[in-house]
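Reading through the structure tokens given below for one structure.
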Amino acid sequence: MADKGSNRSRGSYRTAGVPVPSLLTLFAHLLFIAITTLLLVWLLHFRDGLSFTSTNNLKLFNLHPFFMIIGFVLISGEAIMAFTTIPATRRTRKYFHMFLHLIGLGSSIVGLFAIFKFQHDTGKSNLLTLHSWIGISTVSLYALLYIVSFLVFFFPGAQNWRRARLVPWHVLYGIAVFFMGIVSAETGLIQKFIALGLQKGQEALIVNFTGLLLLLFGISVGLVVLLPVSYY
Ligand code: HEM
């Protein structure tokens, strides 16, 4: 009988070289689609839409949750899962992991630019709220992780024994920053919910369900990475 462990990478079964995604990974991908749909309905239908150049400042504000949730939180979650679940060689998985995180990093910078420009254009002060403190710390730690990991694991790259020792710290730090991203997004949603005076109705439900599904996405990504493969 073939050894199950050698036949299976985390989050997927390999049958004759073709991986079948595990239910947990599939669930996380479905949450990605559901959250993106809810967010787009919220920003495009209930709110003013998205634009960098419009005279309507609210369109600029909307780019903040758009880039932060889809570009940063969801894509970096996919980047985390990609390393262990996509059906490819270790080298390809590594490049894909790095590429998705680069999109996550780029999006977080664009999302921050949008909110700082919005605050500036509307004459508001910066970094007064808990959301903004957690948010700025998250993006700073994420950028630091990307730079250090690039130097250690890619170019110029540390010696093999040092890389092997750093891998568990890379995983732990990465998961911690990812969950900080989830907390940032949740606090941002709550803040906007209150600022808009939402209580009942469709829009309130959309904002709350976006937050709930984000939490589930975070838990799913955490389980895919941390659980031993035999558990799911
Ligand atoms: C990973 C996700 C997020 C991060 C890292 C993040 C980060 C930040 C930062 C650093 C600021 C401060 C900007 C300033 O002071 O000029 C800010 C402001 C703001 N963000 Fe987010 N944000 C995230 C997601 C969201 C989401 C999903 C919403 C919901 C609409 C949101 C709503 C707001 C609001 C209303 C402000 C202005 C008030 C304030 O400074 O707290 N954010 N965000």
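Readers should treat all values here as calculations from the given coordinates under stated rules, not as data from a laboratory. All values reported here derive from a predicted model rather than from experimental measurement. Note: ideal-geometry Cβ built from the backbone for every residue, glycine included; neighbour counts use all protein chains shown.
Cross-link reach is defined here as a Cα-Cα straight distance under 18 Å, omitting same-chain residues fewer than 8 places apart; for Lys94 the aspartates and glutamates meeting it are Glu78.
In what order do Ser125, Ser22, Ser137 fall by count of nearby beta-carbon atoms within 10 Å, going from fewest to most?
Values: Ser125 9, Ser22 19, Ser137 13.
Exposure proxy ranking, most exposed first: Ser125, Ser137, Ser22.
Computed from the C-beta positions of Leu127 and Asp48, the FRET efficiency with R₀ = 30 Å rounds to 0.75. Report the relative contact order of the chain, percent, no decimals, based on alpha-carbon pairs under 8 angstrom and at least 6 residues apart. It rounds to 28 percent for the chain.
Measuring between alpha carbons in the structure, the pairs from Lys124/Lys192; Lys59/Lys124; Lys124/Lys200 lying more than 26 angstrom apart are Lys124/Lys200.
Each residue of the range 195-203 was assigned a 3J(HN,Hα) from its phi angle through the Karplus curve 6.51 cos²θ - 1.76 cosθ + 1.60 (θ = phi - 60°); the sequence is 4, 7, x, 6, 9, 10, x, 4, 5 Hz, with glycine and proline shown as x.
Which ordering of Trp42, Trp133 is given by a fewest-first count of other beta-carbon atoms within 10 Å? Working shown, then result.
On the way: Trp42 21, Trp133 13.
Taking fewest neighbouring Cβ atoms as first place, the list is Trp133, Trp42.
Taking 20 °C and 1.002 mPa s as conditions, the chain diffuses translationally at an estimated 113 µm²/s according to Stokes-Einstein applied to its Kirkwood radius (Cα pairs).
For the range 43-85, the square roots of the Cα gyration tensor eigenvalues, ordered a ≥ b ≥ c, give a/c of at least 1.5 with a/b greater than b/c, which places it in the prolate category.
How would Tyr142, Tyr173, Tyr95 line up from fewest to most surrounding beta-carbon atoms within 10 angstrom?
Details: Tyr142 23, Tyr173 17, Tyr95 14.
In increasing order of surrounding Cβ atoms, one gets Tyr95, Tyr173, Tyr142.
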